[in-house]
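Asker: Below is a structure I'd like to ask you about.
The values are calculated or read from the model by the stated rules, or taken from the named source; none is laboratory data. Every value quoted in this text rests on a predicted model; they were computed, and no experiment measured them. Because the Cβ atoms are built from the backbone with ideal geometry, glycine has one as well, and the counts that use them run over all protein chains shown.
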Protein chains: 2
Amino acid sequence: MKCKKCSSTAVIKLRQHNVSYCEYHFNEYFEKRVEKTIIKYNMCKPEDRILVAVSGGKDSSVLLYVLDKMGYRVDGVFVDMGTVTPPHEELKQLQDLIRGQVYYLDVRDYFLGLTIPEVSKILRRSTCSVCGTARRYILNRYALTAGYNVLAMGHNLDDECAVLLGNVLNWHIGYLSRQKPVLHRTHSGFVKKIKPLVLLTGREIYAYALLNHIPCSKENCPFSKNASSLRYKSGINEVERYHPGTKLRFYTEFVKKSPFEPEKVTIRSCSVCGYPTTEDICAFCRMKARVKNALGK
Amino acid sequence: MKCKKCSSTAVIKLRQHNVSYCEYHFNEYFEKRVEKTIIKYNMCKPEDRILVAVSGGKDSSVLLYVLDKMGYRVDGVFVDMGTVTPPHEELKQLQDLIRGQVYYLDVRDYFLGLTIPEVSKILRRSTCSVCGTARRYILNRYALTAGYNVLAMGHNLDDECAVLLGNVLNWHIGYLSRQKPVLHRTHSGFVKKIKPLVLLTGREIYAYALLNHIPCSKENCPFSKNASSLRYKSGINEVERYHPGTKLRFYTEFVKKSPFEPEKVTIRSCSVCGYPTTEDICAFCRMKARVKNALGK
């Protein structure tokens, strides 16, 4: 297996593009692809202040590393939700690799001293749903108050395709209308949200992490084990195996042709915290109020 | 495993509905489900003259049998495309089971004495694509000239979901806009087309065929072996296994919520045969002309 660019021994074959690359040219391909995604979807500019939501896993660590390497003004933030052991060692190593900073936040500081598993138990709601609401809120609020105007997430092509397949299998029109590589700022209380790894597969990102010695935690969230998204991933992998390129086409054509229009909603300020919401009180503050109530506080 | 209705020993478990039935109540369920589909999608009425496109396989044979049993005015027609051995014995047995007639047509009578594999070889086009165009044309033309106003096809839920998944993975907006359980008559040269088995899985239809001794050919079309639809089927089966009911929801919600609007096209009469087309000459006549040309006729 030879590199398409220089004919030296290839380290990876990309079936969806029908090419193989050596280490040097794979890195080049990878970084160009991130740049291309950023330009194609108008994600960010050199003058932006970008915050990467870091989980300790390969995707977000690679994202922080690669944006930093490409010269963007970027820092990372890890939010400890109390679901996994915080990857302190990996975050420290990551910090040493980049020019920017890696910050650490604790959900307990935002949520009455409680972790997400504790909150979900009190509210009898699924951990993933509680975690999602809280994480989105904390990240957006932190980015805004710390002066960032772009929040970057490490979602890769496999993730996005699994979510897209799930949304399509259930025809969740509302979710389909909001599934985009960029969520523009529709209210002063929101930062712009971008997903620069959305055209790269988990396998490509893993290879890039290995080749560039990017520290990644191997621990998966124990609550995601039986998530439907794993089924959707294996469903689409079943097709991809015989038709390489299916995922890439599925996602990019969706973004290009999607006829799903977001509902027109009025965004106002939460009467408790002031952050944007479509209701009187935002989802995070409502959740917090229910917990307070349950604990008799 | 007990029947949900009468507690006698069940012969089949339907995971998507989380019920089991004995032979009697499975037959009852099956026939009610066909009736429900017909009413839900406004497919046909007792006074309609219905022609079932019979292939010799389980789906179309069951469709002909069940519509006949339910009291509809129905006949069957088998079109010999030259791709499989015509299932003469099964068609004869099917004829003996029903009140209506089972007719036999030969593609050679419509296509210069040639079979589909011969035509596809001459035109260097895929057999499935040539076969589809010719079969649709012959069935519609025969139904019209023989005085039927409805053409019924045996497509089942698995088929429709595989096609739907393929259309969605490639975002074929045009195909998505036309994938419906009923195609209404948009021109006097078309008959209405219906798919009354569209809410029943291949497994349910197979069980009904076995229990009611409906003769079915076991021969599959040799040209369909590597069809992408098999990959789409196994992709969606991968999800269905863990989430029974996925297929049913995928299809019915699509029909209910589909935002894909068919393009406005002008349908005119083919200047050669007079049948409906969006071009000057219809696809079938164009194909025939190219074959004539290639053969120097």
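Asker: Quick one: A:I122 ticks every box in (1) within 21 Å of A:D59 (Cα to Cα); (2) part of a helix (DSSP H, G or I); (3) among the β-branched types (V, I, T) except a single one, so which number is it?
Answerer: Every condition holds for A:I122 apart from (1).
Asker: Filter the stretch A:179-192 for residues that are of a type in the set (A, V, I, L, M) and closer than 30 Å to B:E253 by Cα; which is nearest to the other protein chains (Cβ to nearest Cβ)?
Answerer: Start the filter on the stretch A:179-192 by keeping residues that are of a type in the set (A, V, I, L, M), which leaves A:182-183, A:191.
Now drop any that are not closer than 30 Å to B:E253 by Cα, which leaves A:182-183.
Values: A:V182: 19, A:L183: 21 Å.
Only one residue tops the list, namely A:V182.
Asker: Something else: Checking the conditions here, which among B:P87, B:P46 is closer than 21 Å to B:V191 by Cα and under 21 Å from the mean Cα position of the chain (by Cα)?
Answerer: Unique residue meeting the criteria: B:P46.
Asker: Looking at this structure, is A:D109 acidic (D, E) and more than 16 Å from the chain's Cα centre (by Cα)? Explain how you work it out, then say what you get.
Answerer: Values: acidic (D, E): yes; more than 16 Å from the chain's Cα centre (by Cα): yes.
Yes.
Asker: Name every residue in the stretch A:112-129 that is buried (at least 17 other Cβ atoms within 10 Å of the Cβ) and either within 16 Å of A:S224 (Cβ to Cβ) or under 22 Å from the mean Cα position of the chain (by Cα) (or both), in order of residue number.
Answerer: Passing the criteria: A:T115, A:I116, A:S120, A:T127.
Asker: Which of the residues that make up the stretch B:274-287 are over 24 Å from the mean Cα position of the chain (by Cα) and within 18 Å of B:C131 (Cβ to Cβ)? Break it down stepwise before answering.
Answerer: Let us first name the residues in the stretch B:274-287 that are over 24 Å from the mean Cα position of the chain (by Cα), namely B:274, B:279-281, B:286.
Scanning the stretch B:274-287 gives a single hit, B:R286.
Asker: Among (1) more than 14 Å from chain B (Cβ to nearest Cβ); (2) surrounded by 13 or more Cβ atoms within 10 Å (Cβ to Cβ); (3) hydrophobic (A, V, I, L, M, F, W, C); (4) touching a Leu at 6+ places or on another chain (Cβ under 8 Å), where does A:V239 come up short?
Answerer: Here A:V239 meets the rest and fails (1).
Asker: Among the candidates A:K195, A:K233, which residue alone is modelled with pLDDT of 90 or more, within 14 Å of chain B (Cβ to nearest Cβ) and closer than 24 Å to A:V84 by Cα?
Answerer: A:K233
Asker: Now, a different point. Of the conditions (1) in contact (Cβ under 8 Å) with a residue 12 or more places away in the chain; (2) more than 13 Å from chain B (Cβ to nearest Cβ), A:F250 fails just one. Which one is it?
Answerer: (2)
Asker: Of the numbered conditions (1) more than 30 Å from A:C6 (Cα to Cα); (2) in contact (Cβ under 8 Å) with a residue 12 or more places away in the chain, A:L64 fails exactly one; give the number of that condition.
Answerer: (1)
Asker: Quick one: A:L200 ticks every box in (1) within 28 Å of A:M81 (Cβ to Cβ); (2) modelled with pLDDT under 95 except a single one, so which number is it?
Answerer: (2)
Asker: From the set of residues in the stretch B:253-277 that are without any contact (Cβ under 8 Å) to a residue 60 or more places away in the chain and within 11 Å of chain A (Cβ to nearest Cβ), which is surrounded by the fewest Cβ atoms within 10 Å (Cβ to Cβ)?
Answerer: B:K256
Asker: Report whether or not A:G147 is within 24 Å of A:M81 (Cβ to Cβ), over 18 Å from the mean Cα position of the chain (by Cα) and either more than 14 Å from every other protein chain (Cβ to nearest Cβ) or in a helix (DSSP H, G or I) (or both).
Answerer: So A:G147 passes the test.
Asker: I'm trying to understand the selection: among the residues of the stretch B:208-230, which are at pLDDT 90 or above and either farther than 30 Å from B:Q95 by Cβ or within 14 Å of chain A (Cβ to nearest Cβ) (or both)?
Answerer: Passing the criteria: none in range.
Asker: So, one more: Residue by residue through the stretch A:150-178, note down the ones that are more than 13 Å from chain B (Cβ to nearest Cβ), surrounded by fewer than 22 Cβ atoms within 10 Å (Cβ to Cβ) and farther than 24 Å from A:E28 by Cα.
Answerer: Listed by number, the residues that qualify are A:V163, A:R178.
Asker: So B:L114 ticks every box in (1) within 25 Å of B:K193 (Cα to Cα); (2) at pLDDT 95 or above; (3) not in a helix (DSSP H, G or I) but one. Which box is left unticked?
Answerer: Checking B:L114 against (1) within 25 Å of B:K193 (Cα to Cα); (2) at pLDDT 95 or above; (3) not in a helix (DSSP H, G or I), the one that fails is (1).
Asker: Something else: Considering only residues that are crowded, with 20+ Cβ neighbours inside 10 Å, farther than 20 Å from B:G202 by Cα and of a type in the set (A, V, I, L, M), which ones fall in the stretch B:36-72?
Answerer: B:M43, B:I50, B:L51
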